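Have a look at the structure below before the remarks.
The values are calculated or read from the model by the stated rules, or taken from the named source; none is laboratory data. Please read all numbers here as calculations on a predicted model, not as lab measurements. Here the Cβ is made from the backbone with ideal geometry for all residues, glycine too, and neighbour counts use every protein chain on show.
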Amino acid sequence: MPFDMLIKLYNLPENIKDMDKIKKEGISIKRPLALDKSRVVNFVREYFSQNWANECDVAFSKTPISCFVATCGEELVSFAAYDVTYKDFFGLPGVIEGYRGKGIGKVYFLKHCLL
């Protein structure tokens, strides 16, 4: 069942403590390159949905690419896209099980996608 996840930007903590925690766990965030497109879109399709994969695909048509991914070593563990469905719309944050609750979406994607 599709659903929307709205994030209250006015209610974010000023001091986000999870940044160091994520780095210590070996999780890094980057904007993917065009050559990463099929890997990222396939990851989103496999772990989330075809609809999200379609929107993630659109993120790769933007300049700069309007998507970020989190990796742990070589493994993709999370993604977030913005300015895809609508301009100035942050959406499509996804974190695979086992990495949820670590603050990836809250910290890095909000920080990276909204700056």
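Worth a mention:
- Residue 13 vs. criteria touching a Gly at 6+ places or on another chain (Cβ under 7 Å), modelled with pLDDT under 95 and not hydroxyl-bearing (Ser, Thr, Tyr): no
- Boolean, residue 79 is crowded, with 21+ Cβ neighbours inside 10 Å, within 16 Å of residue 45 (Cβ to Cβ) and at pLDDT 90 or above: yes
- Any hit, the range 22-38, residues being out of contact with any helix residue (DSSP H, G or I) (no Cβ under 7 Å at 6 or more places or on another chain), at pLDDT 95 or above and within 19 Å of residue 99 (Cβ to Cβ): yes
- Qualifying residue in the range 65-76 (condition: of a type in the set (A, V, I, L, M, F, W, C), assigned to a loop (DSSP other than H, G, I, E, B) and touching a Lys or Arg at 6+ places or on another chain (Cβ under 9 Å)): yes
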